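Comments concern the structure below.
Nothing in this text is a laboratory measurement; each read-out follows from the coordinates by a stated rule. Please read all numbers here as calculations on a predicted model, not as lab measurements. Every residue, glycine among them, receives a Cβ derived from its backbone with ideal geometry; neighbour counts consider all protein chains shown.
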Amino acid sequence: RATMKSLRFISAEAFVSNAEFARKSLGGVAHNLFPLLFKASYLLEQAEVIHDLVENWPLVDFNMGKLLGTTVDYEEDLSYRTCSVCLESCLTGLRDYVLNHPSPYMKRLKVVDLTGIKDVEVQFCECKKTMGRWARTQLFSKLCLELLVYLQQTQCNPGTFEISIDVLIDLFVTERNYELVVQALLKKCYCPLKICCVAFRSDNLALQKLFYIIKLIDPSLLRKLEIVHNVRLEMEHLDILFNSIHFPLLMSLTLPARTFNVRRFTAADEQMLINIGEKMGEMTQLTELNVPFSILTGRIQKLLSPLKTPLKMLDVSNCSLNHADMAYLANSFHANHLEALDLSGHDIPDLYPSIFFKLLRHSSSVLRSLTLEDCNIQDTHVNMLILGLSPCQKLQEFKFLGNPLSSQALKHLFTFLCELPMLKNVEFPVPRDCYPIGITYPVDDASLCRFDRQKYVSVAEEINLILLQANREDVKASTPLFGSYDAAVHETNNELGAYLIKSFKETLEKLNASLNKMS
């Protein structure tokens with residue numbers, strides 16, 4: 001469906017489409033038209049015009065999310081376009097705003113917010129080249145350092161040094177860009193563009209470096225902290241982190257796999273878990289917690305009960321939860337506020353069916369996203385699942401990959417899912433009858449792709465027909481075999497792959513050395 005454009009927006013497109021004319025004419029453009037021209041330039045990928053608009057920005061704030069989001073003149077949300085050409089022009093324009101303006105005393109810009117950019121799998125920009133969060137971190141850090149070097153080497157207008165612009169940004173740091181980002185953070189007090197990190201993600205980084213950079217980014221501003229892949233953070237390290245650094249505004253916390261492992265807990269570890277829970281309780285804004293692939297059997301209450309604010313998002317996938325954990329979740333004050341819940345990797349139908357449906361019932365008025373991958377949901381459980389999901393009228397996303405369901409059961413389930421009015425995205429498993437007889441669940445990586453593709457396509461077409469007949473073409477149904485798209489992993493997969501190979505090589509070398517000693 002084509003998005004309607006106002007006459008103002010059509011005029012703005014016409015104006016910026018001739019880049020040379022637009023750039024010459026900017027001096028005579030009314031200040032309140034700059035946001036309109038920026039969105040039109042971004043849509044048409046007019047890099048030079050974008051640069052000049054930012055370089056001459058006449059307003060107090062520059063908020064990418066608002067500028068590119070739904071507006072009165074053009075409803076389409078362009079914040080999902082992480083177009084490399086446009087974003088580079090925007091960031092270099094920001095650097096040149098500091099340097100090249102004839103009268104620095106007239107500058108009004110105080111706050112730049114780059115956090116509204118959303119990284120998605122499918123790009124609609126013409127150039128098809130994206131600039132992800134890691135690359136944006138890299139480029140902005142580089143521009144800040146270049147700016148400082150230029151200011152030191154060149155005779156600048158004294159007013160240039162009085163410019164101070166807070167730049168709100170989501171940083172993504174790995175081993176490969178660590179040194180550059182650290183240099184930019186160490187010198188931020190001298191730079192007119194002040195890095196204000198509100199969300200921080202780290203993958204593939206040594207603990208010492210992680211702790212150091214977290215202190216540098218000013219944790220008092222941090223709203224989101226993600227420590228994800230190849231960071232060897234264990235519970236004692238987390239305890240040290242929380243005892244040495246305070247996160248008063250933290251709203252979202254993601255911890256790497258195996259941060260917690262209660263199977264090897266001592267009495268001291270039990271106390272440490274309580275301490276961590278209490279420290280999280282002091283984070284009065286915390287509403288999102290992701291602790292996948294930790295072993296937390298029987299300890300969920302210790303971790304979550306000190307929280308003073310109800311959680312809106314909880315990921316406890318593959319955490320070996322028992323009946324007591326599920327009972328705590330179902331009866332806790334969090335249950336009525338959960339908008340996103342991931343319980344993947346738990347045998348829900350066998351271990352705690354009734355208590356799980358109680359949890360679902362309590363969260364049904366707000367639940368938007370539910371993930372139940374590898375939960376051993378079989379054909380005999382589908383009617384019970386439908387009953388449990390029926391009150392969840394606000395559900396927008398349902399993911400249940402890796403469950404042993406037949407084609408028939410899937411079609412039955414989709415007939416029901418059509419009735420959920422807000423549903424937009426469903427990730428469903430390859431039907432069990434598409435795999436060879438005797439396949440065991442969860443399906444291992446080696447067997448994952450060994451299914452009858454022709455039969456799967458046929459079933460997928462039937463499912464799409466069910467959606468079509470129910471007038472639900474707005475629902476996207478798919479089977480991402482290796483899990484949902486992760487923009488951060490996609491952007492840094494080469495570095496992650498190299499790290500895994502290096503780790504594997506080191507392990508083999510240690511094993512070889514041990515065998516040599518024995519012989």
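Some observations on this one:
- Exceedance of the 32 Å cut-off in Cα-Cα distance is limited, within the set Lys66/Lys411; Lys188/Lys476; Lys188/Lys399; Lys308/Lys394; Lys215/Lys358, to Lys66/Lys411; Lys188/Lys476; Lys188/Lys399; Lys215/Lys358.
- For region 7-131, averaging the sequence separation of C-alpha pairs within contact (under 8 Å, six or more residues apart) and dividing by the residue count gives a relative contact order of 29 percent.
- Per-pair calculated FRET efficiency, R0 = 25 Å: Met4 and Ala30 via Cβ, rounded to 0.05: 0.60
- Per residue, the chain reaches -13500 deg cm²/dmol at 222 nm when only DSSP H runs of four or more residues are counted, each adding -39500 (n - 2.57).
- Antiparallel content of DSSP bridges confined to the chain, in %, to 5: 5
- Taking 0.890 mPa s as the viscosity and 25 °C as the temperature, the Stokes-Einstein diffusion coefficient of region 174-319 based on its alpha-carbon Kirkwood radius rounds to 155 µm²/s.
- For the pair Glu236 and Thr284 in one chain, pulling the backbone fully straight at 0.36 nm per residue adds 15.0 nm over the alpha carbon distance.
- If R0 equals 35 Å, the separation of the Cβ atoms of Tyr190 and Val122 corresponds to a calculated FRET efficiency of about 0.30.
- Contact order for the chain, expressed relative to its length and based on alpha carbon pairs under 8 Å spaced 6+ residues apart, stands at 7 percent.
- Length released on extending from Lys308 to Ser17, taking residue separation times 0.36 nm less the Cα-Cα span: 99.5 nm
- Ratio of Rg to Rh over the chain (Cα coordinates, Kirkwood Rh, two decimals): 1.00
- Packing around the peptides 65-76, 313-324, 25-36, taken as the average count of other Cβ atoms within 10 Å per residue, puts them in this order, highest first: 313-324, 65-76, 25-36.
- For the chain, with +1 on Lys and Arg beta carbons and -1 on Asp and Glu, the positive-most of Met384, Cys449, Asn56 along the dipole: Asn56
- Compactness of region 242-390 is given as radius of gyration and Dmax, 15.3, 51 Å, from Cα positions.
- Peptides 269-278, 89-98 ordered by packing proxy, namely the average of other Cβ atoms within 10 Å per residue, highest first: 89-98, 269-278.
- On the basis of the beta-carbon distance and an R0 of 41 Å, Asn471 and His246 show a calculated FRET efficiency of 0.20.
- Angle in degrees between helix 267-281 and the longest Cα principal axis of the chain, rounded to the nearest 10: 50
- Chain lengthening between Asp350 and Lys411 when straightened (0.36 nm per residue, less Cα-Cα): 19.6 nm
- Taking the convex hull of the alpha carbon positions in region 327-437 and averaging its projected area over all directions gives 6.3 nm².
- P(r) tail fraction, region 7-131 - alpha-carbon pairs more than 21 Å apart, %: 34
- Between Asp452 and Ser478, the simple label model (points 7 Å from Cα in the Cβ direction) yields a spacing of 2.6 nm.
- Look at the alpha carbon pairs under 8 Å that are at least 6 residues apart: their mean separation over the length of region 245-305 gives a relative contact order of 55 percent.
- Among the GluC sites (Glu not before Pro) found in region 348-445, those both in a DSSP coil and sparsely packed, with 15 or fewer other Cβ atoms within 10 Å of their Cβ, are Glu419.
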